[in-house]
Amino acid sequence: MFKIIKKIATSAFLAGVASLFYAQSALALLPIEHWTQASGAQVWLVRSPAIPMVDVQVDFDAGSRRDPPAQAGLASAAALMSAKGVRASGGEAALDENQLGEAWADLGASLDASAGRDALSFSLRSLTQADLLERAVRLAARQIGEPSDPEDVWQRERARWQAAIAEADTKPGTVAGKAFAQAVYGDNPYGQQVTARTLDAIDVADLKAYQARYLQRCRARVAIVGAVDRAQAQTLADELLDRLPVNDQGGCAALPALSPLQPLAQARDIDIPFNSAQAHVLIGQPGFVRSDPDFLALLVGNHILGGGGFTSRLMEQVREKRGLSYSVFSEFSPGLSAGAFIAGLETRPDQTAEAIKVTREVIADFVHNGPTETELRAAKDNLIGGFALRIDSNRKLLANVVNIARNGLPLDYLEHWSDRVEALTVADVKAAIGRKLQPDRMVTVVVGATAAAKP
């Protein structure tokens, strides 16, 4: 009962102080400090003293793009198993997954692990009360550096994962997404698919080898946002990484470069029969890396094309004027490698061809003619007006700091974001879109269209 009362009290406290942070972040952006620890780990810090909390994310270049093709899912498996127990070490007893969960509940803190395309990440949240933070950091360090990877638990979790994959493969959206990724990415690591077979190829020894190779102190990027000063942040970073191996050579060897994503040579149509109430359509091509100098122009351009909800061109032409789809969108997904550009919709199976035709025409027209001054003004107002919502909590601000750290962006990137968006012209947006999109060389994946309505 005491634990429940404590968790309720903590939640109420966090809700009450959130408004204080919002008021602060809306007034001024907090500066970002950056340095390299003696271990080689890099640290980014934003001092946010409004509430007695700290949010930390530790990133390693160990996302799914580092998975061996035959073991797709290895990075995600390592993230999953990090919460399933820690081994005994330094006089501290081993903890199984239940004991680990109880330990975090007792602290009123949390540690989450996840693997994306570009990084394996550990996210810590804790109050900054000295004794609580010290214990939370020590527990997080054990979970990051000393996972027990119990064999029976991995067998159980792998079976669950494989069952989830089998269930997802019965859905047309999953089928369309996998076909699109294969067509756009090919052999590029961003296109690797986790299957029952690739999971069967992963055992506990593989998890331990993966952790030993990629999770080293000198490979860590640590982003910190909260009520700590630089000295506290330095100590926090060192203690979080304390259980990880140290490279005796004085630094980490560079990881092998990955092959760049190649542009498509020609258009391709992929039709997949599927008994579905709605046909699923994905149209797209390789995109660009996140550090591309065109990023903001492409962000604004895509907002106008299909990323701005009901105000976008695709929504106006496909839904509002013709009623071909309830929703239609477009987006870029840049990362350390070039992500994809994708436009997607669902439509009645018997009107698939018309929906595709209109979507293609809207994309081609936007590439060739660019936005109007009115569209550009509306997009700027929407994006700049909503900028405060991007940084209105510790976690959102932390995500922006991680973005800066991961992609090598300047420390004052957020400070000048609105000014740089405001400075964009119609010509800038048109030129950037024209450099990136090739309407005559896009992949079109259709799942579930009727025979008479196939393009």
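Below are the figures for this structure:
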quantity: Hull volume in cubic angstrom per residue (convex hull over the Cα atoms of the range 268-453); calculated: 127
quantity: Ala164 paired with Tyr413, simple spin-label distance in nm, labels 7 Å along Cα-to-beta-carbon; calculated: 2.9
quantity: Qualifying trypsin sites (Lys or Arg not before Pro) in the range 270-339, DSSP loop, other Cβ atoms within 10 Å at most 16; calculated: Lys321, Arg322
quantity: Per-residue [θ]222 nm for the chain (sum of -39500 (n - 2.57) over DSSP H runs n ≥ 4, rounded to 500); calculated: -13000 deg cm²/dmol
quantity: For Asp428, Asp96, Asp67, order by how many other beta-carbon atoms lie within 10 Å, fewest first; calculated: Asp96, Asp428, Asp67
quantity: Extent along principal axes [Cα atoms of the range 336-441; Å; largest to smallest]; calculated: 48, 30, 26
quantity: 5 Å binning of all Cα-Cα separations within the range 96-156, expressed as whole percents from 0 upward; calculated: 4, 16, 25, 24, 18, 10, 3, 1
quantity: Helix 394-407 vs. the chain, principal-axis angle (Cα, 0 to 90°, nearest 10); calculated: 70
quantity: Förster radius 41 Å - calculated FRET efficiency between Glu92 and Ser291, Cβ distance, rounded to 0.05; calculated: 0.50
quantity: Summed side-chain charge close to Glu157 - residues other than Glu157 whose Cβ falls under 12 Å, Lys, Arg +1, Asp, Glu -1; calculated: 0
quantity: In the chain, lysine pairs with alpha-carbon atoms under 20 angstrom apart (chain gap of 8 or more, or interchain); calculated: 6
quantity: Student exercise, the chain dipole from Lys, Arg, Asp, Glu Cβ charges, in Debye to nearest 20; calculated: 400
quantity: Residue-span extension gain [Leu132 to Ala205] - 0.36 nm each, minus C-alpha spacing; calculated: 22.9 nm
quantity: Segment Ser327-Ala277, extension gain: residue separation times 0.36 nm, minus the distance between their alpha carbons; calculated: 16.5 nm
quantity: Relative contact order %, the chain, counting alpha carbon pairs below 8 Å whose residues are six or more apart; calculated: 21
quantity: Computed FRET value (nearest 0.05) for Thr36 with Glu320, which takes r as the C-beta separation and R₀ as 56 Å; calculated: 0.60
quantity: Cβ-defined net charge surrounding Ile304, 13 Å radius [Lys, Arg +1; Asp, Glu -1]; calculated: -3
quantity: Where labels lie 7 Å past Cα in the beta-carbon direction, separation of Lys357 and Glu422 in nm; calculated: 4.5
quantity: Cα pair distances of the chain binned at 10 Å [whole percent]; calculated: 4, 18, 25, 26, 19, 7, 1, 0
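Every number in this text was worked out from the coordinates using simple rules, so none of it is lab data. In this text the structure is predicted, and so the values were computed from the model without any measurement. Positions of Cβ are backbone-derived with ideal geometry, glycine not excepted, and every protein chain shown enters the neighbour counts.
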